[in-house]
Amino acid sequence: MKSELPTQAVNDCRCVMLVDDEAMVREATQQWLTICGFHVVSLSSAEQALKHLDDAWPGVLLTDVRMPGMDGLELMREVQTRIPDLPVILLTAHGDVDMAISAMHEGAYDFIEKPYVPDRLAETLQRACDKRRLTLENRRLHQDLASRSGLASKLIGISPAISRVRDEILLLGQLNTNVIIYGETGTGKELVAQCLHEFSPRSNKPFVPINCGAIPESLIESELFGHEAGAFTGANKRRIGKFEYASGGTLFLDEIESMPVNLQVKLLRALQEGVIERLGSNQSIPVDLRVVAAAKVDLRDEEQFREDLFYRLCVSELHLAALRDRLDDVPLLFAHYVARAATDHQREPRPLSDHDISALQSYAWPGNVRELKNVAIRFALDHRTSAAELLSRGQAPQITPRINQRGLPLAVQVAEFEAQAIRLCLKKHQGNIKLVMDELDLPRRTLNQKMQRFGINRSEFVTDEMP
């Protein structure tokens, strides 16, 4: 059965399994739904449907209620047991309306009364298909996250940029060389440094991070090399420095471009000779460590950064792409942080709508992964607010055009424009659908479909003054 489904129909979840024992009704319904763009699998009994349906069915079930053998209600209940998130729509006769309403309380997605209005049937199926597509998409994201192991579970993404970084980490991790990691703020330089350590022979020894830009210049030498008691005012006892503590493992120097020039000389000596001296001591202490440095700018262009230290550190380089240059990774990363926040706060993970995904992938992410993580946490904890709203209402920087090698796809630009136009018109007319239809020159069905696609709820624009 799966082989009969067109690829586009599967991807869009626009597949309908139609079950009706009346051949003429099946044929007429199938013809109409095919004209509307659905792919229809037509069957004459509930028993046949159960043979073909499985958890991966890329669409919905449309079934008549009154059928010989297993009827539509029994089919619905069996499907709910096997595939609880599959939308089931019932076709009912006029006298079955009360029964159909009762079935909706049991979990039916909707019911259509015969003789049905063709447009209403198509609209109902479209909404149900959209729901099914989101269910399968979120399932795929979570399965992808759950199936990842090793380095892929730490550096999440499918883009060529993140794949290249993973490959380089696996290669460099086995080499006992110093590395400089370049990347904008929030791109995950410390996480990459941790991965270099974890996938190296030094992984059973300490990973010691220090932010060179966060420590006062007067204290950074003591932080790196340690001090003896009485070395300076307030030094009441001996203190082991980061270099000594990290011996055998990895020392991570973040924002190394901010390291004072006088300390660069001592760092160079420590790296060249493999020894350090604590402040207030003349004793040389051997150290064995790998240094991974990180910088936001190219150290070659920094006049205050010593050239000899640069070449001592820059045996290898890693360049991290900004998130705006690997937007294919955004949905997976966002789902990962949403799931983590939901677990931490004992919440149910929230699914992403089409409009959310479009907004997330159309955003420039100036704060990179760090910003995405913060938005994901807010999204996980506030079930009333969409990701698109979080990005547009000032809780995060405003949506900006996509800045990457591919540019912003025309389809995304058009969708964003349409969504914004509909919202503005709904706000202008306080949710009055008739006035919105007139101003935008859209038929009711088209407007409903677009509002459903963009996750727009009319009730958000209705004021108390409206009748």
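The values are calculated or read from the model by the stated rules, or taken from the named source; none is laboratory data. Just so you know, these numbers come straight off a predicted model, no measurement behind them. FYI the Cβ positions are ideal-geometry reconstructions off the backbone, even for glycines, and counts take in every protein chain you see. Only protein heavy atoms, including side chains, enter the accessible area calculation; ligands, DNA and RNA are left aside. Shrake-Rupley method; radii C 1.70, N 1.55, O 1.52, S 1.80 Å.
So if each residue of separation counts as 0.36 nm, and I subtract the Cα-Cα distance between residue 229 and residue 282, what length gain in nm does that give? Before the final figure, lay out the partial values.
Working: separation 53, 0.36 × 53 = 19.08 nm, distance 1.33 nm.
Here the segment from residue 229 to residue 282 would lengthen by 17.8 nm.
With r defined as the distance between the Cβ atoms of residue 152 and residue 82 and R0 fixed at 30 Å, what FRET efficiency is calculated, to the nearest 0.05? Walk me through the intermediate numbers first.
On the way: r = 32 Å, r/R0 = 1.06.
About 0.40, to the nearest 0.05.
Just reorder 47, 228 by solvent-accessible area, largest first, 1.4 Å probe, all chains present.
47, 228
Where does the charge balance sit around residue 295 when Lys and Arg score +1, Asp and Glu -1, over other residues with C-beta under 9 Å from its C-beta?
-3
Do any of 296/373; 266/373; 205/266; 237/296 go past 28 Å between their Cα atoms, and which?
266/373; 237/296
Which whole number of Å³ per residue matches the convex hull of the alpha-carbon atoms in the chain?
Taking only Cα atoms, the chain has a hull volume of 204 Å³ per residue.
Can you list residues from other chains, or at least 5 along the same chain, whose modelled amide H is less than 5 Å from the amide H of residue 181?
Result for residue 181 returns 293, 294, 295, 318.
Just tell me which aspartates and glutamates come within less than 18 Å, Cα to Cα, of residue 189; anything on the same chain fewer than 8 places away is out.
167, 168, 198, 254, 255, 257, 298, 317, 325, 329, 371
Can you give me the % of accessible surface on the chain that is carbon or sulfur? Probe 1.4 Å, all protein chains present, nothing else counted. If you can, show how the numbers build up before the last one.
Numbers: 11620 of 22950 Å².
Carbon-and-sulfur percentage of accessible area, whole number: 51.
Sequence-distant or interchain residues sharing an amide H contact under 5 Å with residue 111, placed H: which?
Distant-sequence amide H within range of residue 111: 90.
Can you give the accessible area of residue 389, probe radius 1.4 Å, in Å² rounded to 10?
In the full protein context, residue 389 sits at about 50 Å².
What net charge is computed for the residues neighbouring residue 24, neighbours being all others with C-beta under 14 Å from the C-beta of residue 24, Lys and Arg scored +1, Asp and Glu -1?
Result for the local shell: -3.
Please work out how much length the chain gains when fully extended from residue 423 to residue 50, using 0.36 nm per residue of separation minus the C-alpha to C-alpha distance, in nm with one decimal.
130.1 nm
Which of 311, 334, 32 sits closest to the plus end of the dipole of the chain, meaning its Cα is farthest towards the positive end, when Lys and Arg get +1 and Asp and Glu get -1 on the C-beta?
311
Show me, for segment 373-390, the HN-Hα J-couplings you get by feeding each phi into the Karplus relation (A = 6.51, B = -1.76, C = 1.60, θ = phi - 60°), rounded to Hz, glycine and proline as x.
4, 5, 5, 4, 5, 5, 5, 5, 9, 10, 6, 8, 10, 6, 4, 4, 5, 4
When Lys and Arg each count +1 and Asp and Glu each count -1, what net charge do the other residues less than 11 Å away from residue 178, Cβ to Cβ, add up to?
+1
Relative contact order of segment 246-361: what whole-number percent is it, with Cα pairs under 8 angstrom and at least 6 residues apart?
Answer for segment 246-361 is 26 percent.
For segment 437-442, what does the Karplus curve 6.51 cos²θ - 1.76 cosθ + 1.60, with θ = phi - 60°, yield as ³J(HN,Hα) per residue in whole Hz, taken in order and with x for Gly and Pro?
Once rounded to whole Hz, the list reads 4, 5, 5, 8, 6, 10.
Per-residue accessible area for residue 425 at 1.4 Å probe radius, Å² rounded to 10?
0
Per residue, how much accessible area does the chain have with a 1.4 Å probe, in Å²?
It amounts to 49 Å² per residue over the chain.
Mean separation of Cα pairs under 8 Å and 6+ residues apart, divided by the residue count of the chain: what relative contact order is that in percent? Mind showing how you got there, number by number?
Values: 730 pairs, mean separation 55.7, N = 467.
It comes to 12 percent, rounded to a whole number.
Compute the relative contact order of segment 63-210 as a whole-number percentage, counting only Cα pairs closer than 8 Å that sit 6 or more residues apart in sequence.
14
When only the heavy atoms of the protein chains count and the probe is 1.4 Å, how do 187, 135, 81 rank by accessible area, highest first?
Correct descending sequence by accessible area is 81, 135, 187.
When DSSP assigns beta bridges and you keep just the ones with both residues in the chain, what percent turn out antiparallel, to the nearest 5?
DSSP beta bridges in the chain are roughly 10 percent antiparallel.
Any idea of residue 324's accessible area? Nearest 10 Å², probe 1.4 Å.
Rounded to the nearest 10, the figure is 50 Å².
Per DSSP H run of at least 4 residues, take -39500 (n - 2.57); add these up for the chain, divide by its residues and hand me the 222 nm value, nearest 500 deg cm²/dmol.
Roughly -14000 deg cm²/dmol at 222 nm, from the helical runs in the chain.
Which percent of Cα-Cα pairs in segment 343-388 sits in each 10 Å bin, short to long?
25, 56, 18, 0
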